[in-house]
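Notes to accompany the following structure.
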Amino acid sequence: MPELPEVETIRRDLERLAVGRTIVSVDLGWPGSLKGPGAGLNRLRGARFIGFKRRAKMLLIELDSGDRLLVHLKMSGRLILVSAPTPVDKHTRLIFVLDSGDQLRFIDMRKFGYVKLIESGGAQTIPELEGLGPEPLAPGFSAEDWLDLLAAKKESRRTIKSLLLDQSFIGGLGNIYVDEILHSAGVHPQRPVSSLRTGEIEGIYPAMREILMAAIERRGTTFSLYVDAEGRRGDYLDRLKVYGRRGEPCPACGRPIEKIKVAGRGTHFCPRCQR
DNA sequence: AATTGTACCTGTCAGC
DNA sequence: TGCTGACAGGTACAAT
């Protein structure tokens with residue numbers, strides 16, 4: 001489910017709503033959702049949220065105790081802040097009871113996601129965050145940086161879609177936004193990287209930045225499960241031009257959108273606009 | 001080196 | 001109605 005815009009939306013919500021709140025207790029509904037030192041949930045009691053960061057599709061929750069929580073929502077994870085009496089979804093895996101009377105709940109139907117406790121004083125590096133590619137929306141990530149990144153792959157015959165999905169190449173893109181970016185840039189998802197002309201590579205950069213920023217403005221894309229931290233759906237679904245629109249006319253040229261499989265993922269594109 | 005298949009889970013939907 | 005298989009926003013790993 002959640003790609004960069006969705007995780008960023010949740011991060012902003014929690015930064016606004018949960019910083020300063022203290023954890024009163026933790027309820028573990030499904031132990032598999034908790035990674036890291038197993039015994040460690042009790043130590044979270046009394047800790048206060050001081051910050052919510054994001055790296056690629058991961059959320060990093062910082063506590064005043066020095067402990068941190070790394071959250072990956074994978075396909076179906078949700079993180080919502082609700083008042084205590086709110087009915088508990090059957091897929092709720094972890095509940096943080098807060099001093100405000102609210103609860104931060106981790107809900108994950110498919111159980112792929114996780115919350116990992118990173119203890120203060122433990123290893124300095126977080127393996128999950130090592131080796132990630134650059135943040136596409138970082139202020140310091142320029143068009144030149146993008147060209148340099150691609151230049152390092154110019155001999156590669158892998159498909160451009162597979163490269164953009166590779167988190168070690170660039171962080172935060174997923175199946176929806178890669179399809180949208182390639183449509184906007186007019187590049188066929190199956191094009192080998194080595195075949196891309198300079199102009200095509202240059203065109204992907206603004207497409208990527210604009211689409212991700214617009215998606216954050218609309219609070220992400222909801223197909224079925226994703227909601228922001230306040231339980232609201234994202235509005236970017238209406239703006240999607242190809243993803244989930246097989247058979248519908250391309251907004252740019254009217255040709256029906258096609259769906260194929262690329263890099264093992266359902267892939268939507270316009271056969272006229274993308275070559 | 002890169003792709004494909006498989007696995008992790010649960011749910012939905014199309015087709016028969 | 002009910003069964004079966006394909007598919008789903010992610011990623012790690014093994015096999016090819």
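The values are calculated or read from the model by the stated rules, or taken from the named source; none is laboratory data. Computed from a predicted structure; not experimentally measured. Methodologically, a virtual Cβ is constructed for each residue, glycine included, from the backbone with ideal geometry; neighbour enumeration extends over all protein chains shown.
Which of the residues belonging to region A:69-87 are surrounded by fewer than 20 Cβ atoms within 10 Å (Cβ to Cβ) and in contact (Cβ under 8 Å) with a residue 24 or more places away in the chain?
If the condition is that a residue be surrounded by fewer than 20 Cβ atoms within 10 Å (Cβ to Cβ) and in contact (Cβ under 8 Å) with a residue 24 or more places away in the chain, then A:His72, A:Lys74, A:Met75, A:Ser76, A:Val82 are the ones that fit.
Name the residues in region A:213-229 that are in contact with a helix residue (DSSP H, G or I) (Cβ under 6 Å, 6 or more places away or on another chain) and more than 16 Å from DNA strand B (Cβ to nearest atom), would you?
A:Ala215, A:Ile216, A:Arg218, A:Arg219, A:Gly220, A:Thr221, A:Asp228, A:Ala229
Within the bounds of region A:222-237, is there any residue that is outside the structural domain of A:Val71 (by TED's automatic domain parsing), part of a helix (DSSP H, G or I) and either within 11 Å of DNA strand C (Cβ to nearest atom) or modelled with pLDDT of 95 or more (or both)?
Yes, some residue in region A:222-237 is outside the structural domain of A:Val71 (by TED's automatic domain parsing), part of a helix (DSSP H, G or I) and either within 11 Å of DNA strand C (Cβ to nearest atom) or modelled with pLDDT of 95 or more (or both).
Spot the failing condition for A:Pro5; the list is (1) touching a strand residue (DSSP E or B) at 6+ places or on another chain (Cβ under 6 Å); (2) modelled with pLDDT of 95 or more; (3) of a type outside the set (A, V, I, L, M, F, W, C), and only one is missed.
The number of the failed condition is (1).
Just one of A:Lys53, A:Lys57 is among the basic types (Lys, Arg), surrounded by 15 or more Cβ atoms within 10 Å (Cβ to Cβ) and touching a residue at least 12 places away in the same chain (Cβ under 8 Å); which is it?
One residue alone meets the criteria, A:Lys57.
Just to be sure before I move on: is A:Glu128 touching a residue at least 60 places away in the same chain (Cβ under 8 Å), closer than 25 Å to A:Met213 by Cα and in a loop (DSSP other than H, G, I, E, B) in the structure I sent?
So A:Glu128 fails the test.
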